[in-house]
1. How big is the charge dipole of the chain about its Cα centre, in debye rounded to the nearest 20, if each Lys and Arg gets +1 on its Cβ and each Asp and Glu gets -1 on its Cβ?
2. Using a simple charge model, +1 on the beta-carbon of Lys and Arg, -1 on the beta-carbon of Asp and Glu, nothing else, what dipole does segment 189-331 show about its Cα centre, in debye to the nearest 20?
3. Using a 1.4 Å probe on the protein heavy atoms only, what accessible surface does Ile55 show? Give it in Å² to the nearest 10.
4. How high is the FRET efficiency between Ala83 and Lys221 when r is their beta carbon distance and R₀ equals 45 Å, given to the nearest 0.05?
5. Can you give the FRET efficiency to the nearest 0.05 for Met271 and Leu305, using r as the Cβ-Cβ distance and R₀ = 41 Å?
6. Would you mind getting the accessible area per residue of the chain, heavy atoms of the protein chains only, 1.4 Å probe, in Å²?
7. For segment 39-95, which chymotrypsin sites (Phe, Trp or Tyr not before Pro) are in a loop by DSSP, counting at most 15 other Cβ atoms within 10 Å?
8. Calculate the spin-label point distance for Thr185 paired with Ile165, positioning each point 7 Å from the Cα along the beta-carbon direction, and give it in nanometres.
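The values are calculated or read from the model by the stated rules, or taken from the named source; none is laboratory data. Note that this is a predicted model, so its numbers are computed, not measured. Don't worry about glycine lacking a Cβ; one is built from the backbone with ideal geometry, like all the others, and counts go over all protein chains shown. Side chains are part of the model used for accessible areas, which takes the heavy atoms of the whole protein and leaves out ligands, DNA and RNA. Shrake-Rupley method; radii C 1.70, N 1.55, O 1.52, S 1.80 Å.
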Amino acid sequence: MNCSVNNFLLATAINNVTVAALVAALIILIAVLVLFVVVIPIPLWIAAVFSGVRISIFSLVGMRLRRVPPAIILNAMIQSKKAGIEVDSQSLEAHYLAGGNVFRVVHALVAADKAAISLSFQRATAIDLAGRNVLEAVKMSVNPKVIETPCVTAMAKNGIQLQAIARVTLRANIDRLVGGAGEETVLARVGEGIVTTIGSAESHTDILENPDRISKTVLAKGLDSGTAFEILSIDIADVDVGKNIGAELQMAQANADKDIAQAKAEERRAMAIAAEQEMKAKIREMEANLVQAESEVPMAISEALAGGKLSILDYYKMKNVIADTDMRQAIAGGDKQRK
């Protein structure tokens, strides 16, 4: 019986050792899988090898340590390799760490190569880091973009207002994408050219008869200078007649002149009234002086008689003259009677 117990214990110990060994082996296997899949992306390396991209496993581990996703770099290298473009992993890593879009740059290089557009990796990354969409720029070089200006209002020399809308066909200039002005500058320059052309026209009918006059004048100014685009054409989509600004200005001037004339007339009337009032005041003052003087006449006569300067005969002659004057005024219908 003791022998049977010993055999049982021995079998149990063997089984425990076996289970422990299996668990340890499983842990080691999982650790190896994590190492070769997560830390060392073996599947990506295998895909790169079969795609013809030469890169070492140590480079992939270095990407992990530099916190660069190996999947992004390897996929970008595979795409460029299949398109016949050689791009090294170091350049892609540097662009990624600088904050650039790796896939957009690679796609732009592939599109430019297929469209026979000269675009180097350095220029593509510079355009991308400058904040411009390098892929859209390449597409715009192949398929020009049409932008429409807002309604531009200007006045011809005859005072008639015109409202014009233009469509501008632009093609991206790869060489001037870095540091070149954007679409807003082009639209502003085109609007300025439209205003200048309409403003220099003698009559609004000249523009209505020949709308291409605007296009020719604007194109001749070289408005795409210093911009990231090349203007291919400027087409006038619509020209409408607006207000008669000249007539409105003349009416406003006439109303202003009328108001000024009325103000001056009112000023003259007020001055005339003031002058009349002043004259009346002077007349009243003169009448008051005359009354005062007349009141002093009898005293003066008495003094003259007393002093012998006036004789009694002269006094009666004066009285006769006054009486004769009053009689003549009465006969003539005079309003005033001397007292």
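1. Numbers: 35 positive and 36 negative charges, 249 e Å.
With Lys and Arg at +1 and Asp and Glu at -1, about 1200 debye.
2. On the way: 16 positive and 25 negative charges, 171 e Å.
Rounded to the nearest 20 debye, it is 820 debye.
3. Result for Ile55: roughly 20 Å² accessible.
4. In this case the efficiency is close to 0.65.
5. Details: r = 51 Å, r/R0 = 1.24.
With a Förster radius of 41 Å, E is 0.20.
6. On the way: 21890 Å² over 339 residues.
Value for the chain: 65 Å² per residue.
7. Numbers: sites: Trp45, Phe50, Phe58; in loops: none.
Passing sites in segment 39-95 do not exist.
8. It works out to 2.7 nm between the two label points.
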